[in-house]
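Worksheet for the structure shown next.
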Amino acid sequence: MSTKKKTETSSASKTGKKENIPEEERQGVGEFVFNENVSYKGGWILNEETMQKVKHGEGVYKDGLNVYEGEFEQDVVNGKGKMIWSNGCSYEGNFVKGKMEGFGVYTFPDKITKYEGEWVNNRMHGKGRYTSPDGIVWIGYFYNGKGEQLEREIN
């Protein structure tokens, strides 16, 4: 990750030998400011192909008013995390290779409407529970982002 705050050159780029990289230059925790609206604070690891530091482990990435807090793997959102978008929507759950995947909860800006359930490739897919804007809860199976033949949950 390049920063405007500080520019670092690893010993590998000086010597050209990747095997001479000290452990403290292979991974760490830090804060990186890309511009006034984009920053990252958290774990990083050295990508030895590009010799660039990339997001890895726990961290917080801010891009304008969009904020992701959670796990990264080799610069990609991967694992447990929470994404809050500038429009007020949020998702908390599992991510795989940058996409909502597995169990997660997506909440709409009104904070009433939400989907709790399985996700595949950024879409509601599998068993889930949808709360409509009027507070009615629907349960059933979702396929490719759509719930069909859902049943109203009775309290």
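Miscellaneous remarks
- Placing a label point 7 Å from the Cα of residue 58 along the Cα-to-Cβ line, the residues of the range 78-96 whose backbone N sits under 17 Å from it are 78-83, 93-95.
- Taken one residue at a time, the phi angles of the range 56-73 give Karplus couplings (6.51, -1.76, 1.60, θ = phi - 60°) of 7, x, 7, x, 10, 10, 10, 10, x, 8, 7, 9, 10, 10, x, 9, 10, 9 Hz. Gly and Pro are set to x.
- Rounded percent of accessible protein surface that carbon and sulfur make up, the range 19-155, 1.4 Å probe: 49 percent
- Only Lys, Arg (+1) and Asp, Glu (-1) charged, at Cβ; the chain dipole about Cα centre in debye: 240 debye
- Other-chain or far-sequence residues with amide H under 5 Å of residue 101's (modelled H): 94, 95, 96
- ³J(HN,Hα) computed for each position of the range 41-52 - Karplus, 6.51 cos²θ - 1.76 cosθ + 1.60, integer Hz, glycine/proline x: 9, x, x, 9, 9, 7, 7, 6, 6, 9, 6, 10
- Pairwise alpha-carbon distances in the range 68-132 exceed 13 Å for 59% of all pairs.
- Helix-only arithmetic for the chain: the sum of -39500 (n - 2.57) across DSSP H runs with n ≥ 4, divided by the residue total, places the mean residue ellipticity at 222 nm at -500 deg cm²/dmol.
- Accessible area per residue for the range 24-155 is 61 Å², calculated with a 1.4 Å probe on protein heavy atoms, without ligands, DNA or RNA.
- Note on mean projected area of the Cα convex hull in nm²: of the candidates (1) 13.2; (2) 10.8; (3) 8.4, the value calculated from this structure sits at (2).
The values are calculated or read from the model by the stated rules, or taken from the named source; none is laboratory data. Just so it is clear, the structure is predicted and the values come from calculations on it, not from any experiment. FYI the Cβ positions are ideal-geometry reconstructions off the backbone, even for glycines, and counts take in every protein chain you see. In case anyone asks, the SASA skips ligands and DNA or RNA and just uses the protein heavy atoms, side chains included. Shrake-Rupley method; radii C 1.70, N 1.55, O 1.52, S 1.80 Å.
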